[in-house]
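Contents: one structure, followed by commentary.
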Amino acid sequence: MGNQSTIGWSLLSSGITTLILKVLPGDSLWWGVALLILGTLALFVRKGATE
């Protein structure tokens, strides 16, 4: 069940990210890198908070 939830959230977040990258000005590569870093930080912060 947890795996399906993870896949669902992953698909949802990637869709939202795609829409955000279409709207933001500038080079989407740098926005993608910034969002990837933010996502990684959020993952580690959340993982640390649950332990």
So what are the ³J(HN,Hα) numbers for segment 10-25, from phi and the Karplus equation (6.51, -1.76, 1.60; θ = phi - 60°), rounded to whole Hz, Gly and Pro as x? 5, 5, 5, 5, 5, x, 5, 4, 4, 5, 5, 5, 5, 8, 5, x
Taking 0.36 nm per residue of separation and subtracting the Cα-Cα distance, what length does fully extending residue 27 through residue 11 add? 3.5 nm
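Laboratory data are not the source of any read-out in this text; all were calculated from the coordinates shown. A quick note: this is a predicted structure, and the numbers were derived from the prediction, not measured.
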